[in-house]
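The values are calculated or read from the model by the stated rules, or taken from the named source; none is laboratory data. Remember, it's a predicted structure, so these values are computed and weren't measured experimentally. Cβ coordinates were reconstructed from backbone atoms using ideal geometry, including for glycine residues, and neighbour counts include every protein chain displayed. The accessibility values were calculated without ligands, DNA or RNA, using every heavy atom of the protein model including side chains. Shrake-Rupley method; radii C 1.70, N 1.55, O 1.52, S 1.80 Å.
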Amino acid sequence: MCIRDSQRRVHGDISRDSIEVANNGSTAVYYEWRKIHHDSSFQMTTSDKEERFLCHHDKNVLKPGETRRFYFSFISQIPGVFSENWILYSEPKTVQPLRPILLTGNALVEDEHISWRDELESLLNVKQRDTLVRETINDIVERVKTPTPPLPDLNDPEVCKREFEQRNERYHLWYTSSVIVWFRDLEAELYDYLRISKAQQYWDMNVDYLKDLIQSVKDDFVRPCFERKFNEYFEFAKQKPVVRSHMYDYFRDQLIAALNTVQDIVNPIREELLLPEYHFPELREDITQEELDQIKEEQLKAKADALKKMKKLSLIHI
């Protein structure tokens, strides 16, 4: 017969269970509940003197036809799983002796770290989720092939200026249209001499590229010619253009103001001499050839009108 404590208790609390025994004979039976002591099979066992199981009414007499319920209690000051074997001794001996019973008690400790553990579990879940999302995004980004950006339009003067000065910043080279034309001519000569196919012809405005092309020329008589041209253009490019000077705008404005003063002085004299007024055309740095031709045409027309007017006045005086 086996009895097991079905309730789990916090250590320090008492748990109870019971077993029922009946005397079906015709004589009174004296009984006594005894704990069975077992020798430990381990050579080193910590001595534990605490009594955790207690039998209520462990000895008495059971009359004929009487049924009695025996109660066992369990209490432990330390958490753990404990068990003991108990046996019922009787006098006189019964026809069918009771087999030893097994008492088992579970002493639990109240978990004081539930909230902390819940927070930790929540934090780990968040980190796991973030890690999974980050790894997924990284995998997607690594597999996505972004389109190759287009090459800069070096035919645009502003783009060409930016690329040339940025890629040669360590040499302190300055952009001018003349310098680019010279370097372009040198580039074309190198392509032609080295027989480089059009598919491989591309200069990104870095002068080191032209240097490497010159060094690939094997002829010891031809290579110095290319080097001399390159060095000459290189020295020109190191000179800061006048229009890029900080004082350029100031002196230009002063010169224009002086020219306008001359114009104001000369025009009254020209009027007395029956000559047409003269106005300096507004010339811009980016003026086109068509605009220059139009200015010349307007000046010639004004001059012709003035001559006609002078002839008419001459005839009137005659």
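Can you tell me how much longer the chain between Ile14 and Arg244 gets when fully stretched, taken as 0.36 nm per residue apart minus their C-alpha distance, in nm with one decimal?
On the way: separation 230, 0.36 × 230 = 82.80 nm, distance 9.78 nm.
Stretched fully, the Ile14-Arg244 segment lengthens by 73.0 nm.
Past 29 Å, Cα to Cα, is the threshold; run Lys198/Lys218; Lys161/Lys296; Lys161/Lys211; Lys35/Lys63; Lys145/Lys218; Lys240/Lys296 against it and keep the listed order.
Flagged as over cut-off: Lys161/Lys296; Lys145/Lys218; Lys240/Lys296.
Towards the positive end of the charge dipole of segment 87-208, with charges on Cβ (+1 Lys, Arg; -1 Asp, Glu), say which of Leu103, Trp116, Tyr202 has the farthest Cα.
The one lying farthest along the dipole's positive direction is Leu103.
Modelling each spin label as a point 7 Å along the Cα-to-Cβ direction, I'd like the Asp58/Ser115 distance in nm, to one decimal.
Using points 7 Å along Cα→Cβ, the separation is 4.4 nm.
Can you put Trp33, Trp182 in order of accessible area, largest first, using a 1.4 Å probe?
Ranking Trp33, Trp182 by accessible area, largest first, yields Trp182, Trp33.
Suppose each label sits 7 Å from its Cα in the direction of the beta carbon; what would the Ile287-Val222 distance come out to in nanometres?
4.5
Find the centroid of the Cα atoms in segment 107-124 and in segment 131-181, then give the distance between the two in whole Å.
55
Taking 0.36 nm per residue of separation and subtracting the Cα-Cα distance, what length does fully extending Ala258 through Gln294 add?
That pair, Ala258 and Gln294, stretches by 10.5 nm at full extension.
Tell me, what ³J(HN,Hα) does each residue in segment 235-241 have, in order and in whole Hz, if you take phi through Karplus 6.51 cos²θ - 1.76 cosθ + 1.60 with θ = phi - 60° and put x for Gly and Pro?
5, 4, 5, 7, 7, 5, x
How much of the accessible area of segment 160-266, probe 1.4 Å, is carbon plus sulfur, in whole percent?
54
Hey, rough spin-label estimate for Leu102 and Asn24, points 7 angstrom out along Cα→Cβ, what's it come to in nanometres?
So the two model labels end up 2.5 nm from each other.
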